[in-house]
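The values are calculated or read from the model by the stated rules, or taken from the named source; none is laboratory data. This structure is a prediction, so every number in the text was calculated from the model and none was measured. Counting neighbours? That spans all protein chains shown, and the Cβs are built from the backbone with ideal geometry, glycine included.
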Ligand code: B12
């Protein structure tokens, strides 16, 4: 059933048919849970669209339209949860050079559903701009996402620098390039690596929240 809706949704998106795409997504939300719709329906479509773009089967126009359409649906959903003022504020942003933001958006949705107020900054920022936001928002948590291997060193360096400037800031790292880094680096950053599964995310967050109690 999810696959069937997924095929129709992909076709609608590649035909730039937004009303059909909205209708299909609404239908999916009426049948499945939020997690199932986002993770099993929208996640694979994002991957499929990116793969089609990378192999040259679709244009950047198709990729931009489909990715931003899905991003706006996930964002709309994730903005609909009230935040709990007792929970610390967070910032979510991609590491330097990184344009893959959809995984981070899914993690942001997870945090917002738990009641966290998250400032989602998306793709990588110009140097030093992040510090301006940290100074203003004064978050307890900062999450960095890195997908491409070649952006990993710069992301880890940014995490190290931020830790020096803001010793109380808790930095969480995620994304494929983090989860697949060499073992010795994983050990060095084990406190920061949030993990791949929802169970890992729960465990990581609970441990840190319990420290505040
Ligand atoms: C969509 C996509 C794009 C889109 C991104 C759109 C957007 N707005 O995000 C566009 C078209 C822009 C793109 C561009 C490029 N891409 Co691309 N892209 C993909 C693709 C197809 C899917 C990525 C995706 O969105 N996955 C869906 C999300 C939901 O999954 P996810 O990111 O893994 O996130 C999950 C977890 O990792 C985790 N997570 C993610 N972040 C965080 C953060 C925290 C804190 C936590 C806790 C968890 C977490 O949560 C998510 C849910 O489980 C992958 C290939 C694939 N099949 O996966 C290639 C891929 C990632 N891209 C790749 C490459 C090389 C590029 C380009 C260099 C291509 C080019 N020739 O220009 C550019 C570089 C852009 C850049 N500088 O960042 C490579 C990376 C190779 C590598 N290992 O280094 C891949 C693997 C393709 C490949 N087979 O080679 N891409």
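Any idea which of (1) surrounded by 15 or more Cβ atoms within 10 Å (Cβ to Cβ); (2) out of contact with any strand residue (DSSP E or B) (no Cβ under 9 Å at 6 or more places or on another chain) is the one residue 159 doesn't satisfy? Of (1) surrounded by 15 or more Cβ atoms within 10 Å (Cβ to Cβ); (2) out of contact with any strand residue (DSSP E or B) (no Cβ under 9 Å at 6 or more places or on another chain), only one is false for residue 159: (2). In the range 148-171, the condition of being within 12 Å of the ligand (Cβ to nearest atom), farther than 17 Å from residue 124 by Cβ and not in a helix (DSSP H, G or I) is met by at least one residue. Any residue that is at positive phi and either assigned by TED's automatic domain parsing to the domain that holds residue 50 or within 11 Å of the ligand (Cβ to nearest atom) (or both) - is there at least one of those in the range 90-111? Checking the range 90-111: at least one residue is at positive phi and either assigned by TED's automatic domain parsing to the domain that holds residue 50 or within 11 Å of the ligand (Cβ to nearest atom) (or both). Every condition in (1) in a helix (DSSP H, G or I); (2) buried (at least 18 other Cβ atoms within 10 Å of the Cβ); (3) over 12 Å from the mean Cα position of the chain (by Cα) holds for residue 111 except the one numbered (3).
Applying the criterion of being away from the ligand (no atom under 12 Å from the Cβ) and surrounded by fewer than 16 Cβ atoms within 10 Å (Cβ to Cβ) to the residues of the range 70-80, the residue that is nearest to residue 194 (Cα to Cα) is 79.
Every condition in (1) more than 18 Å from residue 105 (Cβ to Cβ); (2) modelled with pLDDT under 95; (3) within 9 Å of the ligand (Cβ to nearest atom) holds for residue 196 except the one numbered (1).
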